[in-house]
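Reviewing the structure listed below.
The values are calculated or read from the model by the stated rules, or taken from the named source; none is laboratory data. Since this is a predicted model, take the numbers as computed values, not measurements. Please note: Cβ atoms are built from the backbone with ideal geometry, for glycine as well, and neighbour counts cover all protein chains shown.
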């Protein structure tokens, strides 16, 4: 199974990495307006049992991701272009511009993740540091 298939499955549905295919999520209206492209997934050599995974998320104007969690992963969100509106847990909503970042601790609730512009696209690099055996990098809230 390709790394693209593995990461897309975890990202879109919070499913087990080895049991889903990206085509299964194409009709998910909640994810409309986003393209997720795997950047890399590497075991961390000096931290046995940990893996660093990165995804590039392209947001169309006005697109958003539903509220979600990242299990026990530590996450860094880095804005590559445009502006991203974000809120973690009950903190303040903040708009991050290209070159800015935020972090999420294991178990945090990412309640807002959206393109801050209704007219311009935005791009985000999401980096996860997780247990290598953790196959649920993104778990969407129940609807």
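One table, with the values for the structure above:
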read-out	value
Residues (buried (at least 19 other Cβ atoms within 10 Å of the Cβ), free of Cβ contacts under 8 Å to residues at least 40 places away in the same chain and under 22 Å from residue 62 (Cα atoms)) located in region 93-115	96
Selection status of residue 61, in contact (Cβ under 8 Å) with a residue 24 or more places away in the chain, more than 16 Å from residue 127 (Cα to Cα), touching a helix residue (DSSP H, G or I) at 6+ places or on another chain (Cβ under 9 Å) and surrounded by fewer than 20 Cβ atoms within 10 Å (Cβ to Cβ)	no
Count of region 49-72 residues which are modelled with pLDDT of 95 or more and over 11 Å from the mean Cα position of the chain (by Cα)	9
Complete set of residues in region 92-106 that are under 14 Å from the mean Cα position of the chain (by Cα) and part of a loop (DSSP other than H, G, I, E, B)	105, 106
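For (1) exposed (fewer than 15 other Cβ atoms within 10 Å of the Cβ); (2) at pLDDT 95 or above; (3) assigned to a loop (DSSP other than H, G, I, E, B); (4) touching a helix residue (DSSP H, G or I) at 6+ places or on another chain (Cβ under 7 Å), each residue gets a yes or a no:
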residue: 77; (1), (2), (3), (4): no, yes, no, no
residue: 80; (1), (2), (3), (4): yes, yes, no, no
residue: 84; (1), (2), (3), (4): no, yes, no, no
residue: 90; (1), (2), (3), (4): yes, no, yes, no
residue: 117; (1), (2), (3), (4): no, yes, yes, no
residue: 128; (1), (2), (3), (4): no, yes, no, no
residue: 134; (1), (2), (3), (4): no, no, yes, no
